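As structure tokens, the structure follows; a few thoughts come after it.
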Amino acid sequence: MKFSISREALLRPLTLVAGVVERRQTLPVLSNVLLQVQDDQLALTGTDLEVELIGRTAPDQVDEPGSATVPARKLMDICKSLPEQSEIAFAIEEGRAVLRSGRSRFTLSTLPVAEFPNIEDGPGNVELSLPRGTLKHLIDATSFAMAQQDVRYYLNGMLLELTSNLVRTVSTDGHRLAVCSRPVDIEVEPTQKLIVPRKGILELTRLLDDSDESVSLTVGASHVRAHTGEFTFTSKLVDGKFPDYERVVPRGGDKVLIADRVELRQVLSRTSILSNEKYRGVRLQLEEGNLRVTANNPEQEEAEENVAIEYSGEGMEIGFNVSYLIDVLTVLNEDRVQLTLADPNSSALLEEPGGGDAMYVVMPMRL
């Protein structure tokens, strides 16, 4: 195999594909990227056996088609360190990969292409396409609430629910819940519920932008595949049952307050400085027209802030993990936020005033 390509044409797909490749691998070949040249196209593939990403780009010249696997991280670091607009000549010589650019020459080890695994290409049950911006918005609005390394493995990912004319994403770590729905022009019968693993979601987000260009999804029994532009992304699905999130959403809270989102976030951030570093608890005291936020820690240090709110009703005191509230206020887009409470032992519902396409539930904590 022998081809030449500009540094920029190689670097963007290589950077994204190398992101999938884990540094510490059980199989040595998994730390490599698979390069395949045929016709006028170079395909780069990276995988960790759970997620696979293929990026495509056009070489300037193909002298000899072929394929090889080379260390992903080293290849990326070499490309990054070359001057801009460099031309890279790539060839396989005596079982090693040789890169030449200007006066530089690099020789990299290769591993047999036959050892490189690919995620089984099962038949797709459902095919549909959505605007990239819609899918990105849904993921960005809910991904922060995914669990990390929870023993309930089905929480270490995001539920993607596809129904006719609606797409919904849901994530929870058992302490908080994020739900976002958007209407889209699709036909799906019956409803599809997929749990995409955390790493798959994070890699997929990197391929999406806010445009109306479409991303096409193919859903199989054990995997989901997304085609967008020059990239094909495949992720295995988590085999498990996602909790019934409808049951978690609190209904009938009678204490509804509206606050300025940015101001409330700043108040919580400042108060959190003096909260207990382990439990991160803050106390909210609800009064007519005012919300008092207090925190203290084992060193007897205290913080107190007051923020003006729209509220007329009886007073109440409730405790929360401040990080969970700040996360929600960071992803909401509106200028104001609506908080619905029932009593000190019930979860809080946060959303845009009047409700929007996203809602967030945060469990209280005893302080």
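For the condition crowded, with 17+ Cβ neighbours inside 10 Å and of a type in the set (Lys, Arg), Lys193 does not qualify.
Of the residues making up region 26-47, none is charged (D, E, K, R), at pLDDT below 95, within 20 Å of Ile119 (Cβ to Cβ) and not in a strand (DSSP E or B).
Looking at Val267 and the list (1) out of contact with any strand residue (DSSP E or B) (no Cβ under 6 Å at 6 or more places or on another chain); (2) surrounded by 13 or more Cβ atoms within 10 Å (Cβ to Cβ); (3) in a helix (DSSP H, G or I), which single condition is not satisfied? Every listed condition holds for Val267 apart from (1). Identify, from the list Ile92, Ile119, the residue that is surrounded by fewer than 19 Cβ atoms within 10 Å (Cβ to Cβ) and within 30 Å of Ser222 (Cα to Cα). Within the list Ile92, Ile119, the selection yields Ile119. The residue that is farthest from Tyr360 (Cα to Cα), counting only those in region 102-146 that are of a type in the set (D, E, K, R) and within 17 Å of the chain's Cα centre (by Cα), is Arg132. Note on region 48-85: residues that are among the polar types (S, T, N, Q), open to solvent by 40 Å² or more (accessible area, probe 1.4 Å), touching a residue at least 60 places away in the same chain (Cβ under 8 Å) and assigned to a strand (DSSP E or B) total 1. Within the bounds of region 266-278, is there any residue that is under 28 Å from Asp140 (Cα atoms), among the charged types (D, E, K, R) and at pLDDT below 95? Yes: one or more hits. Please work out if Val21 is closer than 17 Å to Arg206 by Cα, open to solvent by less than 80 Å² (accessible area, probe 1.4 Å) and of a type in the set (Val, Ile, Thr). When the stated conditions are applied, Val21 passes them.
Check Val179, Val224, Val215 and return the single one that is touching a helix residue (DSSP H, G or I) at 6+ places or on another chain (Cβ under 9 Å), more than 21 Å from Leu155 (Cβ to Cβ), buried (at least 19 other Cβ atoms within 10 Å of the Cβ) and in contact (Cβ under 8 Å) with a residue 12 or more places away in the chain. Even if it seems obvious, please write down each step before you answer.
Details: Val179 fails: more than 21 Å from Leu155 (Cβ to Cβ); Val224 fails: more than 21 Å from Leu155 (Cβ to Cβ).
One residue alone meets the criteria, Val215.
The values are calculated or read from the model by the stated rules, or taken from the named source; none is laboratory data. Everything quoted here is computed from the prediction, not taken from an experiment. Cβ: placed from backbone, ideal geometry, glycine included. Neighbour counts: every protein chain shown. These area figures cover heavy atoms from the full protein model, side chains too; ligands, DNA and RNA do not enter into them. Shrake-Rupley method; radii C 1.70, N 1.55, O 1.52, S 1.80 Å.
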